[in-house]
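Here the structure comes first, spelled out in structure tokens, and everything after it is commentary.
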Amino acid sequence: MPPRRSSIGSPDLDPLLAWYDGARRVLPWRAAPGESPDPYRVWLSEIMLQQTTVAAVIPFFERFIRRWPRLDDLANANLDDVLAAWAGLGYYARARRLHACAGAIIGEHGGRFPRDVAGLRTLPGIGAYTAAAIAAIAFEVPVVPLDGNIERVLARIHAVTAPLPRAKPELRRRAAALVPSHRAGDVAQALMDLGAMVCTPRAPDCPCCPWQRNCRANALGIVGRLPTPAPKSIRPHRHGVAFWLERADGAVLLQRRPLEGLLGGMLEVPSTPWREDRWTGTEARRHGPAAVTWHPLPGTVEHMFTHFRLTLSVWSGVGGGAGGSWHTVEQLADAGLPSVMRKVVRHVAANKTPPRSERRSADRRTGHGRAP
DNA sequence: CATGCGTGGTC
DNA sequence: TGACCAAGCAT
């Protein structure tokens with residue numbers, strides 16, 4: 001009789017749960033022991049946590065809950081308000097889908113979250129991972145979600161050396177073999193906590209791991225090299241010119257970006273397209289929001305996106321009559337600008353005709369703006 | 001299945 | 001300082 005697969009394939013969940021209970025990590029979306037989790041909070045946190053660190057999410061989560069305490073509050077909110085509240089968190093399509101998802105649950109599901117993976121999976125912004133996570137954590141459905149943390153844990157436990165994404169099918173099988181008969185939500189969160197706090201990408205804390213003795217990679221001394229990352233692609237460098245247009249009363253022009261694509265639906269300082277070739281003055285001027293005299297500001301704004309690096313020159317001009325919305329400088333702080341545009345605002349404040357003493361200190365701070 | 005999609009922290 | 005990283009989704 002061949003050995004049972006579980007005896008060779010899967011580590012025991014009890015030490016993991018014991019470790020989890022001992023760690024007792026308190027997070028604002030997590031139910032207290034013995035209390036049932038709120039699906040709305042679980043869902044909101046899972047969307048925010050997609051490719052985003054816990055530390056970055058916490059203040060956004062608190063603000064969202066304070067402002068929209070229940071699902072239908074969020075469903076009834078204006079999309080622009082949701083986008084503005086999301087500003088700074090990144091991956092803005094999530095905010096659009098969050099709002100659409102709230103509307104779909106209110107409009108098509110009687111205001112209740114579907115309680116199974118397949119139902120959750122049909123909702124905007126909810127993919128395979130998030131559907132499984134919500135099902136397990138909010139509804140105790142016996143599934144193991146597979147996220148980056150759990151992939152790493154499983155790749156190490158089982159010494160899966162194939163590079164991602166080729167290792168995915170095996171990792172999915174390994175996750176399925178772990179599906180618990182009870183405490184599905186705790187198992188899911190325990191696995192993610194283990195990956196986030198112990199089985200970390202760099203400098204994993206193996207002596208503290210409840211599964212150290214089950215870990216093939218640990219036995220082989222290759223923990224630090226797993227999982228094998230996918231080959232990385234090169235990041236191109238793009239250039240643009242942003243147009244800081246000020247009206248006589250001091251208001252500044254912003255425009256809203258198209259709903260689809262980069263920074264979709266977010267406000268921006270109008271600019272040329274962002275391309276790999278640098279812009280000549282003549283070329284850039286054609287993209288300006290108004291036919292005014294433009295004055296290039298010293299220095300540039302540098303920003304790193306996932307798939308390209310951006311260098312933005314900023315031109316300043318005075319005039320009106322352009323399409324868009326006008327904001328006082330005080331309003332800009334709360335306008336819900338994405339981070340790259342907040343950098344533009346900061347750059348203008350530091351470089352636009354300040355008193356001489358302030359200019360010198362601003363130049364030292366940014367490292368830009370010096371004469372060559 | 002590869003690609004597009006943000007940001008801030010870390011080493 | 002730059003590369004890498006973090007609880008993915010949609011197309």
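Taking the condition within 16 Å of DNA strand B (Cβ to nearest atom) and either on the phi < 0 side of the Ramachandran plot or of a type in the set (Phe, Trp, Tyr) (or both), does A:Gly185 pass?
Spelling it out, it is not the case that A:Gly185 is within 16 Å of DNA strand B (Cβ to nearest atom) and either on the phi < 0 side of the Ramachandran plot or of a type in the set (Phe, Trp, Tyr) (or both).
Looking for whichever is at pLDDT 95 or above, within 14 Å of DNA strand C (Cβ to nearest atom) and assigned to a helix (DSSP H, G or I) here; the options are A:Ile134, A:Ile106, A:Ile126. Which one fits?
Going through A:Ile134, A:Ile106, A:Ile126 in turn, just one is at pLDDT 95 or above, within 14 Å of DNA strand C (Cβ to nearest atom) and assigned to a helix (DSSP H, G or I): A:Ile134.
Tell me which residues, restricted to segment A:255-271, are in a strand (DSSP E or B) and within 14 Å of DNA strand B (Cβ to nearest atom).
The answer is A:Arg256, A:Leu267, A:Glu268, A:Ser271.
Just to be sure I understand, how many residues within segment A:225-279 are modelled with pLDDT of 95 or more and of a type in the set (S, T, N, Q)?
Within segment A:225-279, residues that are modelled with pLDDT of 95 or more and of a type in the set (S, T, N, Q) number 3.
Are there any pairs, at least 6 apart or on different chains, whose C-beta atoms fall under 7 Å, with the first in segment A:187-202 and within 15 Å of A:Leu226 (Cα to Cα) and the second modelled with pLDDT of 95 or more and basic (Lys, Arg), and if so, which?
A:Gly195/A:Arg152; A:Cys199/A:Arg152; A:Cys199/A:Arg156; A:Pro201/A:Arg152
Which of the residues that make up segment A:273-290 are touching a residue at least 24 places away in the same chain (Cβ under 8 Å), outside any helix (DSSP H, G or I) and more than 16 Å from DNA strand B (Cβ to nearest atom)?
Answer for segment A:273-290, where residues must be touching a residue at least 24 places away in the same chain (Cβ under 8 Å), outside any helix (DSSP H, G or I) and more than 16 Å from DNA strand B (Cβ to nearest atom): A:Asp277, A:Arg278, A:Trp279, A:His287, A:Gly288, A:Pro289, A:Ala290.
Out of all the residues in segment A:325-340, which are in contact with a strand residue (DSSP E or B) (Cβ under 9 Å, 6 or more places away or on another chain) and either of a type in the set (S, T, N, Q) or outside any helix (DSSP H, G or I) (or both)?
A:Ser325, A:Trp326, A:His327, A:Thr328, A:Gln331, A:Ala335, A:Gly336, A:Leu337, A:Pro338, A:Ser339
Among all residue pairs at least 6 apart or on different chains, which show Cβ distances below 6 Å where the first residue, located in segment A:329-342, is on the phi > 0 side of the Ramachandran plot and the second is aliphatic (A, V, I, L, M) and surrounded by 20 or more Cβ atoms within 10 Å (Cβ to Cβ)?
A:Gly336/A:Ala87
From A:Val160, A:Val144, grab the single residue that is out of contact with any strand residue (DSSP E or B) (no Cβ under 7 Å at 6 or more places or on another chain), surrounded by 20 or more Cβ atoms within 10 Å (Cβ to Cβ) and more than 22 Å from A:Pro33 (Cβ to Cβ).
Only one candidate passes the filter, namely A:Val160.
Can you tell me which residue among A:Leu164, A:Leu89, A:Leu146 is more than 10 Å from DNA strand C (Cβ to nearest atom), farther than 18 Å from A:Arg30 by Cβ and touching a Leu at 6+ places or on another chain (Cβ under 9 Å)?
Residue meeting the stated conditions: A:Leu164.
With the checklist (1) surrounded by fewer than 17 Cβ atoms within 10 Å (Cβ to Cβ); (2) within 12 Å of DNA strand C (Cβ to nearest atom); (3) part of a loop (DSSP other than H, G, I, E, B) in hand, flag the one item A:Arg30 doesn't pass.
In the conditions (1) surrounded by fewer than 17 Cβ atoms within 10 Å (Cβ to Cβ); (2) within 12 Å of DNA strand C (Cβ to nearest atom); (3) part of a loop (DSSP other than H, G, I, E, B), A:Arg30 misses (1) alone.
Give the residue that is farthest from DNA strand B (Cβ to nearest atom), with candidates limited to residues of segment A:296-315 that are in a strand (DSSP E or B) and of a type in the set (A, V, I, L, M, F, W, C).
A:Trp315
The values are calculated or read from the model by the stated rules, or taken from the named source; none is laboratory data. Keep in mind it's a predicted model, so treat the numbers as computed, not measured. We place every Cβ from the backbone using ideal geometry, glycine too, and count neighbours over all the protein chains shown.
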